[in-house]
Amino acid sequence: MDGGKTWHDVATPFDPALGMMFMSVKFANELDGLAAGLGMLDEMVGSCYTADGGSTWQTTDDYNLVSDYQDVEAVWTNTQTLIMCGGWTDLVFPKSGTGVAISQNAGRDFIYRDWGMDTLARYTWFPNVNVGFIAGGEWPEDNYTNAVGFRRASQRIVVDRSRAAALFAAPPEAGIEGYRGVIAKSIDGGATWKAVFDESSGLYFNGITCADMKSCWAVAEGVNASTGLPGAWVYHTADAGATWTVQKHVPMGSLIQVKFFPEGDEGWAVGAIYTADTFYALFLHSIDAGQTWNEVETSELEGYYANDITLLDREHAYATAFTRTGVSAVLQYVPTW
């Protein structure tokens, strides 16, 4: 281990030629981790686990499932719980669902919990094993909605199944019809869910995170109802989801993920910002619980689209990103550079 100076591929149970696209990876402890993503073909599963710190990976027990997992999260207060969020279809016992798949033994097997909101579950966060949130929603149909050979990672990121590569749809400029943004909360370990935010106001939700039982943040993107132009938003609740307020609006922006330190003071929201003919990675940074958000200079990251971030400590953060050509990248933030 050299602090991230060098990286190398590790073998997974999946044949790359079959089209598996990982979207997220998290560790419950130093040894046990879970990676999940989009299973591109009907016989593909979308998750695998490691019990040796990432040296080797094994398939999970959802081998009958065609999956669309957007997110994997660990539970800070439990070193064996790992949670996948997204959708699944069982090929043996025909059924499908969208919500969370919860493992209480570090990824070996799962309990599947549909959130019952009649829309896509996209990202999740559990402050503890009993209380959890799911953020999701939907966007208007377009030319990619029913196109053969494509899957959507978001409204603006389209996955070409034949190449397992990302394409980037132009941000929409239209009305708010067809959008729905939902945040739901569970207080019984994911068994049942109740909507705490459900609006058709021109946006849908991506990432969500909490510092504790009361203070949470969620990022959304869509169309500004007032201007008709694309935009992205950071929402915050200080009362365990009862009410949500906008902390930041980014015109022409896209926000995919948000993360805060457990103390709840410092956090990051990531995505992309569009110009007339291109886009740049977008990194928003807050050190006052989101009361103010500052955009980090990213002019050297033209053509990068950040889709996840991990906070190692106060001076080191790592983000994953897609490039304009569909190549994946790992980005490092060190403020002393």
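One residue alone among 318, 304 is among the aromatic types (Phe, Trp, Tyr) and over 14 Å from residue 254 (Cβ atoms), and that residue is 318. Of all residue pairs spaced 6 or more apart or on separate chains, those with beta-carbon atoms under 6 Å, a first member in the range 78-103 that is among the acidic types (Asp, Glu) and a second member that is part of a strand (DSSP E or B) are 90/65. In the range 305-315, the residue that is nearest to residue 235 (Cα to Cα) out of those that are out of contact with any Phe, Trp or Tyr (no Cβ under 7 Å at 6 or more places or on another chain) and either among the polar types (S, T, N, Q) or touching a residue at least 24 places away in the same chain (Cβ under 8 Å) (or both) is 308.
Do you know which of the residues in the range 78-117 that are among the charged types (D, E, K, R) and within 19 Å of the chain's Cα centre (by Cα) is farthest from residue 58 (Cα to Cα)? For the range 78-117, the residue satisfying everything is 114. Of 97, 86, all but one fail to be touching a strand residue (DSSP E or B) at 6+ places or on another chain (Cβ under 7 Å), farther than 24 Å from residue 310 by Cβ and modelled with pLDDT of 90 or more; the exception is 97.
Among residues of the range 180-193 that are among the charged types (D, E, K, R), those with a beta-carbon under 7 Å from a residue that is part of a strand (DSSP E or B) at least six positions away or on a different chain give the pairs 180/137; 180/138; 180/204; 185/133; 185/194; 185/196.
As a summary of the residue check, residue 292 satisfies the conditions (1) assigned to a strand (DSSP E or B); (2) at pLDDT 95 or above except for the one numbered (1). Taken over the range 49-62, the criterion of being at pLDDT 85 or above and crowded, with 21+ Cβ neighbours inside 10 Å is satisfied by 49, 50, 57. Residue 35 - would you say it is in a loop (DSSP other than H, G, I, E, B), at pLDDT 75 or above and under 24 Å from residue 312 (Cβ atoms)? Judged against the criteria, residue 35 is not a match. Selection of first residues in the range 106-128 that are at negative phi and free of Cβ contacts under 8 Å to residues at least 24 places away in the same chain and of second residues that are open to solvent by 20 Å² or more (accessible area, probe 1.4 Å) and assigned to a loop (DSSP other than H, G, I, E, B), restricted to Cβ pairs under 9 Å at least 6 apart or on distinct chains, gives the following pairs, ordered by first then second residue: 114/193.
Rundown of residues vs (1) aliphatic (A, V, I, L, M); (2) crowded, with 17+ Cβ neighbours inside 10 Å; (3) in a strand (DSSP E or B); (4) in contact with a Pro (Cβ under 9 Å, 6 or more places away or on another chain), yes/no style:
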{"residue": "213", "(1), (2), (3), (4)": "yes, no, no, yes"}
{"residue": "232", "(1), (2), (3), (4)": "yes, yes, yes, yes"}
{"residue": "246", "(1), (2), (3), (4)": "yes, no, yes, no"}
{"residue": "259", "(1), (2), (3), (4)": "no, yes, yes, no"}
{"residue": "277", "(1), (2), (3), (4)": "no, no, no, no"}
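Restricted to the range 279-291, and to residues there that are out of contact with any Gly (no Cβ under 6 Å at 6 or more places or on another chain) and open to solvent by less than 10 Å² (accessible area, probe 1.4 Å), the residue that is nearest to residue 315 (Cα to Cα) is 284.
The set of residues from the range 297-316 being crowded, with 21+ Cβ neighbours inside 10 Å, more than 8 Å from residue 281 (Cα to Cα) and of a type in the set (A, V, I, L, M) comprises just one member, 309. Within the set 225, 242, the sole residue that is open to solvent by 20 Å² or more (accessible area, probe 1.4 Å), assigned to a loop (DSSP other than H, G, I, E, B) and within 23 Å of residue 100 (Cα to Cα) turns out to be 242.
Okay, residues lined up against (1) farther than 24 Å from residue 182 by Cα; (2) at pLDDT below 95:
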| residue | (1), (2) |
| --- | --- |
| 227 | no, yes |
| 233 | no, no |
| 248 | no, no |
| 270 | no, no |
| 322 | yes, yes |
| 334 | yes, yes |
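Screening the range 74-135 for strands (runs of 3 or more DSSP E) wholly inside it with 2 or more residues that are open to solvent by less than 10 Å² (accessible area, probe 1.4 Å) and among the aliphatic types (A, V, I, L, M) returns the ranges 78-90, 95-103. Within the range 38-48, if we keep just the residues that are part of a strand (DSSP E or B) and under 24 Å from residue 259 (Cβ atoms), the residue that is modelled with the lowest pLDDT turns out to be 38.
The values are calculated or read from the model by the stated rules, or taken from the named source; none is laboratory data. Just so we're clear, the structure is a prediction, and the values are computed from it rather than from any experiment. Here Cβ is always computed from backbone atoms with ideal geometry, including for glycine, and neighbour counts include all displayed protein chains. Heavy atoms of the whole protein, side chains included, go into the accessibility calculation; ligands, DNA and RNA do not. Shrake-Rupley method; radii C 1.70, N 1.55, O 1.52, S 1.80 Å.
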